[in-house]
1. Using +1 at the C-beta of Lys and Arg and -1 at the C-beta of Asp and Glu, which of S188, A233, G272 has the Cα lying farthest in the positive direction of the dipole of segment 36-291?
2. Separation between the A142 and A277 pseudo-spin-labels, each 7 Å from Cα along Cα→Cβ, expressed in nm?
3. Please get the size of the charge dipole for segment 36-291, origin at its Cα centre, with Cβ charges of +1 on Lys and Arg and -1 on Asp and Glu, quoted in debye to the nearest 20.
4. Given a Förster radius of 35 Å and the C-beta distance between S355 and S174 as r, what FRET efficiency does 1/(1 + (r/R0)^6) yield to the nearest 0.05?
5. Work out the charge dipole of segment 36-291 with +1 on the Cβ of Lys and Arg and -1 on the Cβ of Asp and Glu about the Cα centre, then indicate which of T167, T97, V141 is farthest towards its positive end.
6. Using amide H atoms built 1.01 Å from N in the peptide plane, name the residues 5+ places from G191, or on other chains, whose amide H lies under 5 Å from its own.
7. If each of A388 and F339 carries a label point 7 Å out from its Cα toward its Cβ, how far apart are those two points in nm?
8. What order, most packed first, do the peptides 41-52, 425-436 have when packing is the mean number of other Cβ atoms within 10 Å of each residue?
Amino acid sequence: MTPFIRRTVAVAAVAALTLGAALTATTSASAAPSQGSIDNASFTWGLSGEAGGGAFFGGCNFLSAGTAGNTGSSRLWTEADGFYAQSAGNVSIAKPTAAGSLAPTSWATKCQTPAGTAVSPSSATSLTGNVVQFGGGTGTVAADGSSSISWTGSFTVAFYGGLTYWTATNPTLSLDAAGNGQLTATASGYGTSMEDTSQWVPITGRQIVLADIAGAQATDTGVTTTPKYLGVAVTTPGTPQSTTPASWGSFPQSYIDFQNLTGQSSYWYSSGGSRDAAKPATPLAVSYAVTPVVAPPTDPTDPTGPTDPTTPPAEASRDISVIVPTVVVPEEGTFGWAFESDAAIALGTATQSGSSFVANGALTSIAVTDTRTGPSAYSWSISGQVGAFASGANTFGSEYLGWTPAVSNAGTGATAGSAVTSALTGGTGLATSATLASSSAAAGADIDADVSLVIPSSTPAGSYTSTLTITALS
């Protein structure tokens, strides 16, 4: 038996910030693909023109297949490093030729236009046009036309010749029947700053939205769409977004939040610079074939299938199945757990600390008792997971919430779970399940935890709530 119980976590984050409304255009989708399975799907995307543009230092910005190694500092890549790769597993990098076809890149050609000349940072139209290509994707199309396709592999995005770079791993494209959805991936890399390149901090992998999609044209052979950018507003603690140029907009908010750590943030939204025209998202193309769902043939001897009503079947057959379980010897005693009060977990009002808001609180204590005498006696675990925080239309992820568990009033065999820290401080947060306590020999215990929230200072003001789900296994 696995019981579940929910508790509300409350926090008020006070900041003099507002979140602008996103202005987007939505087009109607074409006929949805047929229900079935998808195999060997491919996709091609250049992210933005700027991801293949000229750089004022380091030659250019470029894409590389696979996960690049650690340079150890913010410095230019060299060919001898071996960090640059044209292909890795299911992933390859290509760029257009003068004839318009795609050809594999190389270290020597990665900073060249299709005409074979070096890209220039002084022109927002002088671009390599490089793209990442994934193959081997698998997925499904549901009966309502919604679809999901996942790929295995990584690609790296390097700016200013490698002074700053990050990696996207295992992307997934999810679309509803109207062609609306997201392309997500796990992002990781290294944090630095143009103002202080001595900074070099590994960034723990986290799920981000690479592209928001509206009205994608989905068919039985693929999807073609240009991700949302134009008119999309974001908040950022760095260079403010400019909304004056015709090309103003941004990549998704979680994308920008991640780029605030890499030092690339202002290259993914309109910042009022001379290269804003190169920043909008470029078209994304996905190719696949759908294997339709095929109904099993009707057994001609099956009396429930189509038959000639004037001629009854001569005979019919049916399988008989039965499962004989293993003999179970009943255990004596019971296992139980409960919160020691009905109080919510209140984190109070967050206080600003540098570029973050911080709030702290305590988990409502949990009491565990185990009086069983059978083989499972004294063996149990308690874990928890938190959903996203919301205040009206504003949200932030539970990866920013962490805890430090503690166990008391327990005998040998009960141990507290490991501390979990906010994604903003290099941890993974409670967006995934984490152990509070476990036991191999304890008849009971009191479980507590200090709870800590560290969120970006760009988080809109509001009174946020979330839900903590506690799972007990015994």
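1. Final value for the positive-end residue is G272.
2. 4.3
3. Dipole about the Cα centre, nearest 20: 340 debye.
4. It comes out at approximately 0.65.
5. T97
6. V201, I203
7. 2.3
8. The most tightly packed comes first, giving 41-52, 425-436.
Every number in this text was worked out from the coordinates using simple rules, so none of it is lab data. Note that this is a predicted model, so its numbers are computed, not measured. Backbone-built Cβ (ideal geometry, glycine too); neighbour counts: all protein chains shown.
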